[in-house]
Each structure stands twice: as C-alpha cells, then as structure tokens.
Amino acid sequence: MKQVHLFILFSFLSFSGFSQTYTISDNRAIRLHQEGEEYIQKRMYDEAIGKFKASINREADFLESYLKWGRVLLTKGLPKEAIEVVDKGLGRNVSAPPSLIGEIAWLKIHCLLKIGEFDSAIFEFDNAKKLLAPGFKTTRPFMEMEQQIDFIRSNIQDVYDITKEKLSEPLNQFALQYFPVLTADSKKMLFTKRDGIANNEHEDIFVSYYDEDSSRWGIPRSIAPNINSAYNEGTCTISADGKILIFTSCQMPDSFGDCDLYISYKVNDEWQRPANMGKNVNSRVWDSQPSLSADGRILFFSSNRRGGFGGKDIWYSLRMENGTWSEAKNLGSKVNTAKDEVSPFIYFNNEILFFASDGHLGFGGIDLFISRVEDGEFGRPVNLGYPINDHQDQLALFITAQRDFAYYTETVFSQGSQERSFLYRFRFPDQIDLGEKLMVTAGKVLNKNTGEPIEAKLSLVDLATDSTMYQFQSDGRTGDFTMLYPDKASSGLYVEKKGFLPKIYNVDRDSLQNQGNLNVELTPVAAGEEFTFENIFFDFDKDALKQESSSSLKRLVSFLNDNPTIKIVISGHTDNIGSEVYNIDLSLRRAESVKTFLVANGIDAQRLRTEGHGSSLPIVPNDTVENRSLNRRITVSVF
C-alpha cells in the first residue's frame, strides 16, 4: 500500500505547475510551504504537514498549502482527512486559477476512489477535465484515470445483490487469518493464521470442520504436527478429495528462494512429511499463493521470478504420471500484466480461473477477475463487478463446489496500516456462470475377496474425446475416495490397481452421480475371474467399434501389458431381440473386433480367445429397454 501512495504523491508532483508563483505574497508563508516540500522529498511526512500548517496559520488563504497537505495525507493512507483539508481551503472562497482548482479536483478524485465514493469521483473527474492543463491530459496518469472512471461509470449501474458476512466464532479469533480454502464437500476449511501483524510474526496452517448438527464451524486447530513447524507455513491449497496439500513456507533450510512451495500427501489418513516441490516449480525469489486443481494435476501459483510480464505473475505446473512436476510456465499475457497478478483460484471444473490484479481495469486497488478456458487457453479476464469488487483490495477468493458461497479475506485498516484480517463469505451470484453443474461421487475401494481397503487410481474420462478429466486416489488405510466432476454426457469411471482386474463404470447408466457410498470391489487377478468390459460401443446390428470405445480398449491394452503372463477370453453378449443364431454370430463378431484392436496394439494373439454367447447368458431379464441394454455387453475373463 505504501508504494501505491508514494506513486500517487510523486505523480502529483510531476505535473505541479505553481512551484515558482503562488496565489499569496507573504514571503514567510511561502518559505514555510517550500520547507514542507523539502520534507516531502525526504519522505518526512509529519514534518512536512507541520510546515504546511504553519504556512496556513500565517496565511489562511494559502490554497497551495492546503493542496500539498492533502496530498501528504493521502500518501499516509488518510483520504478522508485529505478531503477535509482541501475542502477547508476551498471554503475560504479564494480566487484561484482554474489549473489550481483542477489540481485540487484531481486530488479529490484519488481520495474519493480510495473511500469508495464513486459517484462523487466521477463528478470531480468531469470537473477536473475542464480545468487541467492540456499537456497533462496527454500523460499516462490522466489517460489511466480516464479509463478507470469510464469503467466505473459503466459498471456501477448493474450491481450484484450480495451481503458480505463475517464468519462467526470460534473462527476469526486470531490477529490475522486469511486465504481460506475448502474441500469439495465444503466440510473442511483450511486457512493461514498469523499471531500478529508484523512480518516476523509466526504463521501456521489451521483447519476447522463444519458441524452439520449445529450448522457451525468447529474450533480451528493446527493441521498437523509434521506440517506446521518452527518456520512459517502460509497460504495453502488442497485437492478436492483432501489428499494433496501444497503450501508456502519462507526461509526454510532447503528453500531455493525467499518463499517456496512445499507438498504433502495424505497416506493412510496421515499427512506425510512435506517436501520442497523442486526447481521445476520454485525459483530463487518469491513463489507463493498456490491453487491446485480439483484432481491435483495442475498447480497455479503467483511468483515474481524473471521471465514474466512484470511484478507478480501467475504461473502453472503439471503433475506428471510419475508424480513429478513439470517446469513451471507463465500463464501468458492475457492474464498477466506489467503490474501484479496474485491469489489464483482454479475452480473445481478446471475451466475457470479467478485471480486478483491491479493491472487490469477495475474499481481501484486490487480487484478480482475471472478468466475462462477458450480454445485450450485462458481467455481475456473480466472484472467480477460491484460490489464483489469495491474500493478496497480484494484477495483470496474461494468458491465452493456447491456454488452456494464465496469465501474471502477482508482486511481492516487503521490510520492507513493493516490492523486485522478476517474470514468472510457471501452468497455467490447466480448471474456469474460457472459452467456445468458438478457431481460428487464418494465411497470406498475394497478387495472383493478380503474386504480390505485398496489404494487405487480412479479416472474420470470423457468417452467422446478419450480425454481424462480427473484422476483421484483412494486412501490405502480406509479405502475412502471423493470425486468431483462435471455432469457431462458419455463419461466413464475407471478404477485400476496393479494385480487386480479393472472395474469400469458408465457414469450415466450406472447412476454414479452424487452417490455418497459407492463400494468399488476389485478382484485379484486369477484364472476364472471375469469383469464386464464397460464402455464398448457398437452401432445397432453392427460389429465395428465406435470411437467412444477407445478409452476402455486402451486400458485393456495397458492391463495386458502390466500382466504379461495372463491370457483372456473376450466374450460377446446380446439381448434376446432377433434369432439366436444371428445373435450368436453378431456377439462373436463384436468380440473379434475387440481382439483385432488388441492385436493391432501389440498384444500377442495367442493370449486372446473369443466367444459369442448371443442372449444365452443374460445378467438381468430382457423385459425392459434398460435391461436389454445391460445384457448387450462384452465380458473379459482370465484363463
């Protein structure tokens, strides 16, 4: 904030046009005024104010001293007091040149923007525009202000109806609490707490759980003894299922720069010892404010490293198949500017990015923006509008997967300095489109034979494009998993663990959406074991595989490569429509199509056998359309 105020002060000085001539003639008052200006150059603002007061005491009509006094007050973060001072000077009804009145109006514009008096700021700007020197109106400060005023003029008419609500006790008990994040079920909140406002005060990550019976957040406590340490653990992010935690820590012994990003995985329901994310992610300077995609595959963060567009930029890194992270890349010039872009938040659908910036056009200070994926990249950001954004700095927005609330941090200032920060929320406006509704599927992965929990990989796949939308892991100690995904047509769930037969679901047909207790039973690989080979599609009365079958077919290739000694029988099945002779032939031809694909992808034909059973082995009665569709299937058995 101080840097912003200093910029404002010296931008005023750069176009001041009355340093040699004044509206009064009292030499002693003028000398006091000039001494005040000298103190400004030394950044001795209280001493400068004393000189301007002294010059006014000697000459009450000295309008220039009122103006300089007001500028210093604004620099100190006291815009209301600055307006009172210049208005007192104007109240003297002094005859002054239009250029001086214009400069006072220019000061008042800045002050009014700082306190959120937008209508008055627009009025003062329109007034100042008539009075300011033509040369000044060609400068960048004027043109940027004109853009901002025009933006505000057109964006304060259509406002969102929101009420900002401070979270009640036992939250908000610390001097500072900020950067709230929640898990997908909105029942677990993590945030950073600091014991005091000084930079050397200790930071830790705290967690609070939501109690549905009392409809209250529980008493916050330290997240884990092997996460919080004697060093500072700051802003964090957590995957939707609560299994991956990434946080900021500064001045650690193994850090690459001022602040680095660290990662911890929850294994068997316990957080493991954090590890530095390495030089692919961290740099020699400041890396902080992480945001992890719902499935834990993409990390966004803010950094002031070299190679950006100026100030702090948003960067990203991808989690590779082997668990390492790719070299971080800048998100590009559509999002990043010459100023600061901070506190990124990637929404749960992986397609909408929220962030804060003072480089894009806004209402003043740091505003919140939204950028959506367009043609594979994040598009031009849009200001979130008023009153989500206002004259204050807006930071650390987090929107729940249920789209009901947006959580954020609000800072309280006193005499221009930060005094406290609190956790707030508001109901997120329906007018802001967040894309397709998100579904949640939760449950356990278990060994079918023993009932023991299994740590397995769960993949949500868009069958139409053969693209993996999300990947999750079940917990090795409990078997628990939570998945969050968009309600897209034609999607499949693949549950895989080496040494076990894969479990394949069709999300729509198997009605997985919003299930809270799905038990996935994996069968150990053994002779005689069989599984239904879901998501294999044929046109009516045809044996050619449809494109949407690619995901399942490729996974069967991987399964056979992972288990090179086994052989399988591929069996085709139909419903009871048509003659049985024809159905047996059709089911065999379909099984042969699967075999042909496997052979073309490197599987030895000697490991594959095909059978056509027609309608002889139904799994449900052929008495409804839905049941007949279940009986039309491909099965795979080990022999």
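Here, each number is a calculation from the coordinates, and none is a lab measurement. All values reported here derive from a predicted model rather than from experimental measurement. Backbone-built Cβ (ideal geometry, glycine too); neighbour counts: all protein chains shown.
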Exercise. Could you give the dipole magnitude of the stretch 500-544 about its Cα centre, charging the beta-carbon of Lys and Arg +1 and that of Asp and Glu -1, in debye to the nearest 20?
Worked result: 180
Exercise. In nm, to one decimal, how far is the Asp161 label point from the Asp119 one, both placed 7 Å along Cα→Cβ?
Worked result: 2.0
Seminar exercise, completed: A correct Karplus calculation of ³J(HN,Hα) over the stretch 581-597, with 6.51 cos²θ - 1.76 cosθ + 1.60, θ = phi - 60°, whole Hz and x for Gly and Pro, returns 4, 5, 5, 5, 5, 5, 5, 5, 4, 5, 4, 5, 5, 5, 4, 4, 5
Exercise. Going by average Cβ neighbours within 10 Å, how do the peptides 490-503, 84-97 rank, with the highest at the top?
Worked result: 490-503, 84-97
For this session: Of the options Thr478, Phe500, Thr523, report the single residue whose Cα projects farthest towards the positive end of the charge dipole of the stretch 419-559 (beta-carbon charges: Lys, Arg +1; Asp, Glu -1).
Result: Thr478
Problem set entry | Antiparallel bridge percentage (DSSP; both residues within the stretch 165-427; nearest 5) | 95
Exercise. What residues qualify as long-range amide H neighbours of Tyr470, i.e. H under 5 Å apart, gap of 5 or more or another chain, H built at 1.01 Å from N?
Worked result: Leu460
For this session: May I ask you to derive the FRET efficiency for Ser616 and Ser490 from their Cβ-Cβ distance with R0 = 35 Å, giving the value to the nearest 0.05?
Result: 0.75
Exercise. Using the Cα atoms as the points, what is the convex hull volume per residue of the chain in Å³?
Worked result: 188
For this session: Treating only the Cβ atoms of Lys and Arg (+1) and Asp and Glu (-1) as charged, compute the dipole magnitude of the chain about its Cα centre; round to the nearest 20 debye.
Result: 1280
Problem set entry | Too-long pairs where the Cα-Cα distance tops 20 Å, listed order kept, from Lys498/Lys554; Lys114/Lys166; Lys243/Lys457; Lys243/Lys444 | Lys114/Lys166
For this session: May I ask you to derive the relative contact order of the chain, considering only C-alpha pairs under 8 Å and at least 6 residues apart, and to give it as an integer percent?
Result: 8
Problem set entry | Helix-only mean residue ellipticity at 222 nm for the chain, each DSSP H run of n ≥ 4 adding -39500 (n - 2.57), per residue, nearest 500 | -8000 deg cm²/dmol
Seminar exercise, completed: Residues meeting the amide H criterion for Thr400 (H placed from the backbone, H to H distance under 5 Å, 5 or more places apart or on another chain) are Phe405, Tyr407
Problem set entry | Listed peptides 68-78, 602-612 by packing density, highest first (mean Cβ within 10 Å) | 68-78, 602-612
Exercise. Hey, if you put +1 on the Cβ of every Lys and Arg and -1 on every Asp and Glu Cβ in the chain, which of Ile388, Gly311, Ser511 ends up farthest toward the positive end of that dipole?
Worked result: Gly311
Exercise. Could you give the length gained on full extension between Trp271 and Ile219, defined as 0.36 nm per residue of separation minus the Cα-Cα distance, in nm?
Worked result: 16.7 nm
Problem set entry | Partnerless cysteines, meaning none of the other Cys C-beta atoms lie under 4.7 Å away, in the chain | Cys111, Cys236
Seminar exercise, completed: Quotient of Cα radius of gyration and Kirkwood radius for the stretch 104-161, i.e. Rg/Rh, equals 0.99
Seminar exercise, completed: The set of residues whose placed amide H lies less than 5 Å from the amide H of Phe348, leaving out same-chain residues fewer than 5 positions away, is none
Exercise. Applying 1/(1 + (r/R0)^6) with R0 = 51 Å to the Cβ-Cβ distance of Lys187 and Arg43, what FRET efficiency is obtained, to the nearest 0.05?
Worked result: 0.55
For this session: Under 16 Å from a label point 7 Å along Cα→Cβ of Ser333: give me every residue in the stretch 349-389 with its amide N that close.
Result: 360, 378-381
